[in-house]
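Notes follow the structure.
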Amino acid sequence: MRYGVTIFLTDRSIGPVELARALEERGLEALYVPEHTHIPLSRRTPWPGGGELPDEYKRSLDPFVALTAAAAVTKKLRVGTGVCLVAQRDPIVTAKEVATLDHVSGGRFTFGVGIGWNQDEAEDHRVDFKHRRSQAREHILMMQRLWTDDVAQFEGKFARLPPSWSWPKPVQRPRPPIVVGGVASPALFAHVAEWADGWLPIGGAGVAAALPELRAAFERAGRDPASARLVLYGVVPDAGKLAHYRELGVDEVIFGAPSGPADAVLPVLDHYAKLVAADARGSI
């Protein structure tokens, strides 16, 4: 298994450069950051976590800019979005950003995507909220054409691209790995099997029970069930969890870190590094 961290990087938190260096120094292998372009004051949409929306949601940095800074000062650290809200993004621009980040990082990018929970935010981007899953799918399919074809084109209900050139192509071929966030469901797993590489659930609860359906969806799509990636996101780790995840065949465990200054974040990274080192020794 690979181990990494996710954090809301903001204008008040530890910076992406300092954080990336600290992760690599401690042997942690990945950094994922979320995305929110803005938070409308209307606040019609309840936060799925319950209660008041944490302050970091309205202060989050742009993920592609932050991850580029992180990649530029590291050699091995993988960088990823957790998650990019692809329905509310221009797919042509996003395809260019993904390909460029994969290019400048030497093939170290993972594209975590999701459909989003904030209706207020999505509608400001002209997203029909009821159809955001279909819109996200078409945006991804268009991006894949831009990443793989010398002359790319796409025709859909929500996205259209006339014959076009776009470089650079991603270093990772045919594309960076795509993992999809969301709660286990037949609809989600059908999308993962059609146009992605794996699942990005928050935490590990219920994952063992859902894995057979994820693998069955890959088989129905004519893909090798064993190729389905599993990246657990925002995990609060302990020894028992890590052993359990390894038995499940989890590819990557992403620990949650607080959105705060360096003196709040670095001790947490030290704790995670000790857990990972102990796991590597087989002593937990």
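Some points to look at:
- Residues located in region 240-265, provided they are assigned to a helix (DSSP H, G or I), modelled with pLDDT of 95 or more and open to solvent by 40 Å² or more (accessible area, probe 1.4 Å): D263, A264
- Candidate set from region 27-48 (those that are under 30 Å from V17 (Cα atoms), touching a residue at least 60 places away in the same chain (Cβ under 8 Å) and of a type in the set (V, I, T)); member that is most open to solvent (accessible area, probe 1.4 Å): T37
- Taking first residues from region 261-278 that are closer than 12 Å to A239 by Cα and touching a residue at least 40 places away in the same chain (Cβ under 8 Å) and partners that are open to solvent by 40 Å² or more (accessible area, probe 1.4 Å) and part of a helix (DSSP H, G or I), no Cβ contact under 6 Å between residues at least 6 apart in sequence or on separate chains turns up.
- Test: D150 is over 16 Å from the mean Cα position of the chain (by Cα) and either under 22 Å from V231 (Cα atoms) or open to solvent by less than 10 Å² (accessible area, probe 1.4 Å) (or both): no
- Scanning region 26-67 for residues that are farther than 17 Å from S259 by Cβ and small (G, A, S) yields a count of 4.
- Filter result for P16 (more than 30 Å from L248 (Cα to Cα) and buried (at least 22 other Cβ atoms within 10 Å of the Cβ)): yes
- A273, sole failed condition from (1) in contact with a helix residue (DSSP H, G or I) (Cβ under 8 Å, 6 or more places away or on another chain); (2) in a helix (DSSP H, G or I); (3) surrounded by 13 or more Cβ atoms within 10 Å (Cβ to Cβ): (1)
- Only one of the numbered conditions (1) open to solvent by less than 20 Å² (accessible area, probe 1.4 Å); (2) without any contact (Cβ under 8 Å) to a residue 24 or more places away in the chain is violated by A205, and that is (1).
The values are calculated or read from the model by the stated rules, or taken from the named source; none is laboratory data. The structure presented is a predicted model; accordingly, all values stated were derived computationally and were not measured. We place every Cβ from the backbone using ideal geometry, glycine too, and count neighbours over all the protein chains shown. Only protein heavy atoms, including side chains, enter the accessible area calculation; ligands, DNA and RNA are left aside. Shrake-Rupley method; radii C 1.70, N 1.55, O 1.52, S 1.80 Å.
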